[in-house]
1. Compute the distribution of all C-alpha to C-alpha distances in the chain, in bins of 10 Å from 0, and list the percent of pairs in each, rounded to whole numbers.
2. Can you work out the FRET efficiency for the pair GLN317 and ASN76, with r the C-beta to C-beta distance and R0 = 25 Å, to the nearest 0.05?
3. State the extension gain, in nm to one decimal, for the chain segment bounded by PHE177 and ASN266, taking 0.36 nm per residue of separation less the distance between their alpha-carbons.
4. Quick one: what Rg and Dmax do you get for the range 139-284 from the alpha carbons, in Å?
5. Compute the FRET efficiency between VAL231 and ILE426 as 1/(1 + (r/R0)^6), taking r as their Cβ-Cβ distance and R0 = 25 Å, and round to the nearest 0.05.
6. At 7 Å along the Cα-to-beta-carbon direction for both ASN393 and THR111, put a label point, then send me their distance in nm to one decimal.
7. Would you please put 19-31, 85-97, 118-130 in order of how densely packed they are, using the mean number of other Cβ atoms within 10 angstrom per residue and starting with the highest?
8. Which length gain, in nm to one decimal place, applies between LYS25 and SER213 when the Cα-Cα distance is subtracted from 0.36 nm times their residue separation?
Amino acid sequence: MSNSNNQVMEKQIMARAIASSEFTKSILSRNVPQLISNSKYQPIAMILVHYYSLTDEFISENSLLSKLDDWFTRENNRNRQQGNPEMSESDMLEYINTTKDLLNTEVDTTTTFVDSLEVYIKDKLASAAILEEAGKGNERLAERTQKAMDDINDIDIGGNKNPAINIAKDFNKKAYFYKHDYEGRIKSGLSTLDIALKGGLQPGEIGLICGASGFGKTAILTNLAAYYSLVSNNNVLYVYLEGKTGDALGRLDRVITDSGYREMFNKDGYVNREFIKKGYNYYKNSKSSGNLIIKKFTTRSLTISKLRTYIQSLERQEDFKIDVVVLDYADLMRVGNKSDNEAVSGEVLYQDLVGVADETNVLIWTGTQLNRTSSSAEVMTFDNVEGSFRKKNICAAVFTINRNSDENNEGYERLYIDKLRDRNGISDEFLYFKYDKSTGRISSETEKETEYHKGLVENLDSSYKGNHTTADKPEYTKQSQNVDLSGVGVETFGIK
């Protein structure tokens, strides 16, 4: 293998080690000198091994550079004791620049490269293991060597972190997964959704919101970003692929501060100072420990690889772990290995999204658009989309937005439950929400509001006829219906 190829392999090993505690602990820590020959990489590799031996928290850029500075101090002390010259400023700067270069290196996840890298790592570790076992003498050499080879051959850098479990004996492993899989769920803070999801989805999973054009996919995703961050105290990255930044900020601020269009904009179409002040006071006094970061990528510019790299880069910059990514929405991403078959391309995209969610240990919510014929269906479902079963099989939860004219007028909407992995205890096909058209906020309903809501649906779904009594009309619907947006000028976004 050429020296240039070795350099590529070592750089990718280091990039993976920075991004993943699992990779560092299971692979790099086995034999740093054998896997990393680059003298500038070696101290960085040892820093990573030591850091990830103590925690699984993602190492930030500041933390890595700080630990490198500590290494400079130790090296210079050692050099002085041994009568050797200390490291020069240019030497230290070279290490710093090397570290920054590794931090910005994009992990190559193409199947061909991953396979080649895995072979490279196994060959390097195998040659070292053979020499190590031979150095211990000839007794049971073949048996010892074979055991070492079996361990190395079990390496899977593609992300298979799940061990084999003997269900009758491995009680510690079972306890770990019970705790991890049931207590690791991420609550949204939107009670109706959390109840349906048995406490929430988990990192490594994808939730999907489906809707016909103009039915409010972005509104739902905006609400999810707000609820996950400011209600449930998670760190959320909201990625959007169309529209202006001002529009995205406005949607979020209206939902979060519960402000209507008329409260946000004056008659000339500019943002009211009082709205800005209201937002400032809200965030200043908020007790939430969650963070909400928004990021714009242009349509068709965002790839799976770029999304993965950005999540990891953001975590290093902000020095906190991202818990949830809200992606508005996946259909607008650029598919690398695009197939002539749209359904197959969609399946590959969603498989790759699960890979990103798993590798970065985040929960991802995204949206997809139903085809035009779906709007004529009595109940819109994800099955209206050709090849939908491919995406549905990949996602942990799938909901489709439904709303008839009465619901639209009075401030309600439903999410049809297309898929839940656990439907135990859920008898209805829908989740019911209040929807304030002026603020854009969705919220859970009281029992009385749900009873009234179902009455609005009975002309659409006869299964509800006779199953409820007429409830008093909820007070809030009298205030939010028939919002007049004429002359508001929502396209102009500025401060005057």
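The values are calculated or read from the model by the stated rules, or taken from the named source; none is laboratory data. This is a predicted model, so every value here is computed, not measured. Cβ atoms come from the backbone with ideal geometry, glycine included; neighbour counts cover every protein chain shown. The protein model used for the area step is the full one, side chains on, heavy atoms only, and it has no ligands, DNA or RNA in it. Shrake-Rupley method; radii C 1.70, N 1.55, O 1.52, S 1.80 Å.
1. Pairs per bin, as whole percents: 3, 16, 24, 23, 16, 10, 5, 2, 0, 0.
2. E between GLN317 and ASN76, to the nearest 0.05, is 0.30.
3. The span from PHE177 to ASN266 would gain 26.6 nm if fully extended.
4. 24.4, 89
5. Computed FRET efficiency for VAL231 and ILE426: 0.65.
6. 1.5 nm
7. Answer by packing, highest mean first, reads 19-31, 118-130, 85-97.
8. Result for the pair: 63.0 nm of gain on full extension.
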